[in-house]
1. Which numbered condition in (1) out of contact with any helix residue (DSSP H, G or I) (no Cβ under 6 Å at 6 or more places or on another chain); (2) within 13 Å of the ligand (Cβ to nearest atom) is the only one that Ile67 fails?
2. Does region 199-219 include one or more residues that are more than 27 Å from Leu123 (Cβ to Cβ) and either of a type in the set (Phe, Trp, Tyr) or surrounded by fewer than 18 Cβ atoms within 10 Å (Cβ to Cβ) (or both)?
3. Considering every residue within region 130-142, establish whether at least one is more than 25 Å from Lys284 (Cα to Cα), more than 20 Å from the chain's Cα centre (by Cα) and either without any contact (Cβ under 8 Å) to a residue 60 or more places away in the chain or assigned by TED's automatic domain parsing to the domain that holds Ala221 (or both).
4. What number of residues in region 41-59 are more than 30 Å from the chain's Cα centre (by Cα) and of a type in the set (S, T, N, Q)?
5. Test of understanding: among Asp183, Asp200, which residue is within 16 Å of the ligand (Cβ to nearest atom) and of a type in the set (D, E, K, R)?
6. Would you say Ala27 is among the small types (Gly, Ala, Ser), in contact (Cβ under 8 Å) with a residue 40 or more places away in the chain and within 15 Å of the ligand (Cβ to nearest atom)?
7. Looking at region 101-146, which of its residues are charged (D, E, K, R), more than 14 Å from the ligand (Cβ to nearest atom) and surrounded by 21 or more Cβ atoms within 10 Å (Cβ to Cβ)?
Amino acid sequence: MTRDTLHGADEIGVGLMGLGVVGGGVAATLLDPAQHVARTVGRPVSLKRVLVRQPDKERQMGVPPGILTADPTLLLNDPSIQVVVEVIGGEEPASSYIRQSLSRGKSVVTANKEVMAKEGQELLTLAAARGVDLLFEASVGGGIPIVGPLMKDLLANDIRSIQAIINGTTNYMLTRMARDGMDFDEALKEAQGLGFAEADPANDVEGIDAGYKLAVLASLAFHTQVRAEDVHREGISGLRARDFRYAHELGYAIKLLAIARREGGQVQARVHPCFVPQEHMLAKVDGVFNAVEVEGDLTGKILFHGRGAGREPTTSAIIGDLVEVAKKLGAGGGPAPFFPPGNSLTVAPMSELVTRYYIRLGAADRPGVLAQIARVLGDQDVSIASVIQKDSNPGSQTAELVVTTHPAREKAVQESLQRMRGLQVVRQVDNLVRVEDWPSD
Ligand SMILES: NC(=O)c1ccc[n+]([C@@H]2O[C@H](COP(=O)([O-])OP(=O)(O)OC[C@H]3O[C@@H](n4cnc5c(N)ncnc54)[C@H](OP(=O)(O)O)[C@@H]3O)[C@@H](O)[C@H]2O)c1
């Protein structure tokens, strides 16, 4: 395709909302004189307007200053803009801008996991009603293609489960804690210094970001509505260096996993730290890398692994979506919804989860203590798999006990912990981590 043929064809106008880490990459690709996107689409693709908060801020991106604006109506009301790329982030005003764009008949490409997790189905329905597209590959896993495969390539499968490491910041911190014995605060400070963690790290370390992404993946995988608030969330701030030492001794890595599993008519959706067997592929995913393991009835287990964030990987996902939309423009049709109307799986309560557990506690260092703890667990039908006793402190006569259990119900384990805390011989329950033991393939 030559430049001349490109110039002869109808132009596709793009409005970009946001010119930060990701928006900067998208703008650079669209303004690249080699016109890679246009050549792939087969029509000229022109960046018409860029919405930012502060148009006068100094920027290094080569975006013509004349197209920068802080006025969203200049994009929303411009009939020459057929596609809006939303990379502002956060719920508002991004959600309203996406809604308004779709309502005005513009297709939207977004990287916004929060909006998709909270309003994905409604927005996709709106897009379908208006006959336009809403694509969101970049909202989960950065440069890893996972939304596309779930919406298309894996459709022949009944998806059984998704197990994923989908927050690079916490995976980086956990890697440092495991490899270098760092404590949580030290690892967080380093991640912030390297620009991997925000000044306010709650979204990452409390599992909120991973929860949004899991809601999107689970909705797609199980063709049912899993909202952000349906996902059980626990972060990594309770983990201590000693938990990593015990995990290592027991043959596990500790990872913040996002897990969605179909069980009968229910879907389990949870984000929390997990013990993962050292030989499992997910245990080997280190640093800022992400990985998503999908198990389909036909495919068996598939692992998607790669860079889950950053300008270039995320730009790759957005431009892929943009090319898809641009190619379809004029051909009609809209996006498939998250799930067909009338689907009615329910999200399983966390209390009904059955898995194995690691419990670390401080107890009086004297005979009979273990028997009392075993009785509390036994009363709830929780059976012990192993016990380690360490760090006996003669001064305070306290011993550290690490108990792992056979598969047990969450409700029973929580009840046991409650009772243990009431035992005179138990000084404190320090940590509980769920153990994800998969049968080897
Ligand atoms: N960063 C990554 O690696 C990554 C990876 C995957 C997905 N994402 C997602 O991509 C999106 C963008 O992330 P980012 O890291 O590029 O964000 P960012 O660097 O903070 O950039 C945000 C951009 O949006 C603009 N903006 C913010 N609020 C606005 C408002 N109210 N009105 C108009 N413009 C506004 C900002 O304008 P100013 O420049 O004037 O401040 C800035 O250009 C988020 O949804 C994020 O979750 C990011």
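The values are calculated or read from the model by the stated rules, or taken from the named source; none is laboratory data. All values reported here derive from a predicted model rather than from experimental measurement. Please note: Cβ atoms are built from the backbone with ideal geometry, for glycine as well, and neighbour counts cover all protein chains shown.
1. (2)
2. Within region 199-219, the first condition is being more than 27 Å from Leu123 (Cβ to Cβ), and the residues that meet it are 199, 201, 205.
Next, only the ones that are either of a type in the set (Phe, Trp, Tyr) or surrounded by fewer than 18 Cβ atoms within 10 Å (Cβ to Cβ) (or both) stay: 199.
Yes, region 199-219 contains at least one residue that is more than 27 Å from Leu123 (Cβ to Cβ) and either of a type in the set (Phe, Trp, Tyr) or surrounded by fewer than 18 Cβ atoms within 10 Å (Cβ to Cβ) (or both).
3. no
4. Number satisfying all stated conditions: 1.
5. Details: Asp183 fails: within 16 Å of the ligand (Cβ to nearest atom).
Exactly one residue qualifies, and that residue is Asp200.
6. For Ala27, the condition - among the small types (Gly, Ala, Ser), in contact (Cβ under 8 Å) with a residue 40 or more places away in the chain and within 15 Å of the ligand (Cβ to nearest atom) - is not met.
7. The first filter runs over region 101-146 and keeps only residues charged (D, E, K, R), leaving 104, 106, 113-114, 118-119, 122, 130, 133, 137.
Filter once more, keeping what is more than 14 Å from the ligand (Cβ to nearest atom): 104, 106, 122, 130, 133.
The answer is Lys106, Asp133.
A quick yes/no check of all residues on (1) surrounded by fewer than 15 Cβ atoms within 10 Å (Cβ to Cβ); (2) at negative phi; (3) not in a loop (DSSP other than H, G, I, E, B):
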residue	(1), (2), (3)
Thr29	no, yes, yes
Pro33	yes, yes, no
Ile81	no, yes, no
Gly90	yes, no, no
Arg99	no, yes, yes
